[in-house]
Amino acid sequence: MKIGDYVSIGENSIVEAASIGSYVHIGKNCIIGRFAIIRDCCHIEDGAVVAPNTVIPSFSIVSGQSPAKVVDQLPECTQEIYEARAKDYYAKFIGV
């Protein structure tokens, strides 16, 4: 499994993906099937079930079960938003 930079994975999620790009958020209680590929800048909603061998295109919002589907698109500024969120979380974590 390959996981990019600035990726967050929620509680109780099961991830068996082949590849997860950078700037990806996977919500709580998600199931990411075997050999799934999640491209850069994606948001997987809480409880989504991504079927095995699925390819999620960049800038997608994915939701639903059996199987999850692309329901909307993210803006092109997503990288900056996710990076700032991660840096803020880290700064609070180390107590700066």
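How about region 14-32: which of its residues are in a loop (DSSP other than H, G, I, E, B) and surrounded by 18 or more Cβ atoms within 10 Å (Cβ to Cβ)?
Ala17, Gly21, Tyr23, Gly27, Cys30 - these are the residues of region 14-32 that are in a loop (DSSP other than H, G, I, E, B) and surrounded by 18 or more Cβ atoms within 10 Å (Cβ to Cβ).
Taking the stated definitions as given, is Val70 within 21 Å of Asp5 (Cβ to Cβ) and assigned to a strand (DSSP E or B)?
Spelling it out, it is not the case that Val70 is within 21 Å of Asp5 (Cβ to Cβ) and assigned to a strand (DSSP E or B).
Every residue in region 34-67 that is under 13 Å from the mean Cα position of the chain (by Cα) and part of a loop (DSSP other than H, G, I, E, B), please.
Ala36, Arg39, Asp40, Cys41, Glu45, Asp46, Gly47, Ala48, Pro57, Ser58, Phe59
Filter region 33-43 down to the residues that are without any contact (Cβ under 8 Å) to a residue 40 or more places away in the chain and not basic (Lys, Arg), then identify the one that is surrounded by the fewest Cβ atoms within 10 Å (Cβ to Cβ).
Phe35
Every number here is computed from the coordinates shown, using simple stated rules; none is lab data. What you see is a predicted model, and the numbers here were worked out from it, not measured in a lab. With ideal geometry, Cβ positions are generated from the backbone for all residues, glycine too; neighbour counts draw on all protein chains shown.
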